[in-house]
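Everything below concerns the one structure shown next.
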Amino acid sequence: MSTYQVKLPDVGEGVAEAELISWLVQVGDRVTTDSPIAEVMTDKATVEVISPVDGVVTAIACDPGDVLAVGGNLITVELDAGASPPSAPAATPDPANAAPVAAAPATAAPVDATPVDATRGRHAVAAPAVRARAAKLGIDLAGVRGSGPDGRVEHDDLDRLLLRARGPLPAMPEGPAEEVVPLRGVRRRIAERMSQAWAQIPHITYVEAVDVTELEALRHELIRREPGNRLTVLPFVARAVVKACAEQPGLNAHLTEDPPALRLFPAVHLGVATQTDNGLIVPVVRHAERLDVRELADEITRVAQAARSGTAAREELTGSTITITSLGAIGGLVTTPIINQPEVAIVGVNRIETRPVWLHQSFQPRQMLNLSSSFDHRVVDGWDAATFVQRIKGYLEFPALLFE
């Protein structure tokens, strides 16, 4: 019987050497043509080396971790009886004995399934993942002309081969035509004002968690005493904002551009951001500082309904000095409200949820509300913004103060 030296083949991409990672066979194992015998790693990829012959492994020439030059010995195989070495060995021949080879054309040939007779004994260069996919698809890599460097078969080559075999994909049915909705009227005005405010105002957003457990107990007690009364948390927040403005009048103000000036208002004309069929509108509760919680609730309901129905008077839609915005039950944990220019502050109300809070040496379930408030950083410093929100928080956590 004759023997055959399996050498490290040229794995392509101009690689001159590779490190042996692991053996997939041992001495005494039977190998067949195209069965994997080792894994080697170049500086670009890990590649499986396959056997070009059938037979039994009689010797292993190197150990994992060794670096071999292309053409270096890997294993010795005792060929099966009657078998002869392949006429075109898969390994790259020793450079000293290598015959000159014509240069390949610069343009990669299109992927094609080459006739079997023309590729018998040919070793296809491909990464392990490509080999595994080809085996799963039943594709003989020896019959695939690769488009990669040095003829390496790539995933794209398999894709093109499959596409050619299957033919063109059927045309997708036409879906509904897209709809173009022009921005007109209120929607266009909203877009312009939002863009202007975002572009001109350097916003600072301050978020604080407020314990409204006591406030919620009070609110539900007031509702119990007046069946049918839908008293929400919003008028309580409005009252807290009004009282905080009395302590920090610089937040109840307008910033004018020409000339640059901050206009402070003695009266609080409270804007209430309201969602309508035409978009976001801000009706105004005028002289909110004169109203108690119950009166604020009634007035907020009235101006919001007028805005939604389109019956609000002009003075009910202009002249706000500070705004509150709330998404109610869908308010999320944090928002980043955009300031209603030329105002300098907006207070956002998020949803109430029960959270565990460390209180009196134990965790207790508390009703918590996040306030997400934005300020014009040109005239409101971070300290002032935080102080304002903390004042609001103080009123909401001790709701008796709202009735002073």
>> I'd like to verify a number: residues in region 223-246 that are surrounded by 14 or more Cβ atoms within 10 Å (Cβ to Cβ) and not aromatic (Phe, Trp, Tyr), how many?
In response: 15
> Out of (1) assigned to a loop (DSSP other than H, G, I, E, B); (2) aliphatic (A, V, I, L, M); (3) touching a helix residue (DSSP H, G or I) at 6+ places or on another chain (Cβ under 6 Å); (4) at pLDDT 95 or above, the odd one out for Val242 is which?
Replying inline: (1)
> For His254, all conditions in the list (1) under 18 Å from Asp376 (Cα atoms); (2) in a helix (DSSP H, G or I) hold save one; what is the number of the exception?
Replying inline: (2)
> Which members of region 164-223 meet the condition of being hydrophobic (A, V, I, L, M, F, W, C), more than 29 Å from Gly332 (Cα to Cα) and part of a helix (DSSP H, G or I)?
Replying inline: Ala165
> Looking at Val77, Val40, Val111, which one is in contact with a strand residue (DSSP E or B) (Cβ under 8 Å, 6 or more places away or on another chain), surrounded by 17 or more Cβ atoms within 10 Å (Cβ to Cβ), among the aliphatic types (A, V, I, L, M) and modelled with pLDDT of 90 or more?
Replying inline: Val77
>> Could you tell me how many of the residues in region 61-78 are under 44 Å from the mean Cα position of the chain (by Cα) and in a loop (DSSP other than H, G, I, E, B)?
In response: 3
> With Ala307, Ala312, Ala385 as the choices, which residue is touching a residue at least 60 places away in the same chain (Cβ under 8 Å) and buried (at least 18 other Cβ atoms within 10 Å of the Cβ)?
Replying inline: Ala385
> Out of (1) in a loop (DSSP other than H, G, I, E, B); (2) modelled with pLDDT under 50, the odd one out for Arg122 is which?
Replying inline: (2)
> From Thr232, Thr274, Thr205, Thr213, which residue is closer than 22 Å to Glu295 by Cβ, of a type in the set (Ser, Thr, Tyr) and out of contact with any Leu (no Cβ under 9 Å at 6 or more places or on another chain)?
Replying inline: Thr232
> Which of the residues spanning region 224-239 are under 21 Å from Ala304 (Cα atoms) and not in a loop (DSSP other than H, G, I, E, B)?
Replying inline: Leu234, Pro235, Phe236, Val237, Ala238, Arg239
> In region 188-222, what count of residues is obtained for those that are surrounded by fewer than 14 Cβ atoms within 10 Å (Cβ to Cβ), charged (D, E, K, R) and under 29 Å from the mean Cα position of the chain (by Cα)?
Replying inline: 1
>> Would you confirm whether or not region 130-138 contains a residue that is in a loop (DSSP other than H, G, I, E, B) and either modelled with pLDDT of 75 or more or over 39 Å from the mean Cα position of the chain (by Cα) (or both)?
In response: yes
>> Can you tell me which condition Val27 does not meet? The list is (1) more than 17 Å from Arg131 (Cβ to Cβ); (2) outside any loop (DSSP other than H, G, I, E, B), and all the others hold.
In response: (2)
> Out of all the residues in region 329-360, which are surrounded by fewer than 15 Cβ atoms within 10 Å (Cβ to Cβ), in contact with a strand residue (DSSP E or B) (Cβ under 7 Å, 6 or more places away or on another chain) and not hydrophobic (A, V, I, L, M, F, W, C)?
Replying inline: Gly332, Thr336, Glu353, Thr354, Arg355, Pro356
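The values are calculated or read from the model by the stated rules, or taken from the named source; none is laboratory data. Computed from a predicted structure; not experimentally measured. Backbone-built Cβ (ideal geometry, glycine too); neighbour counts: all protein chains shown.
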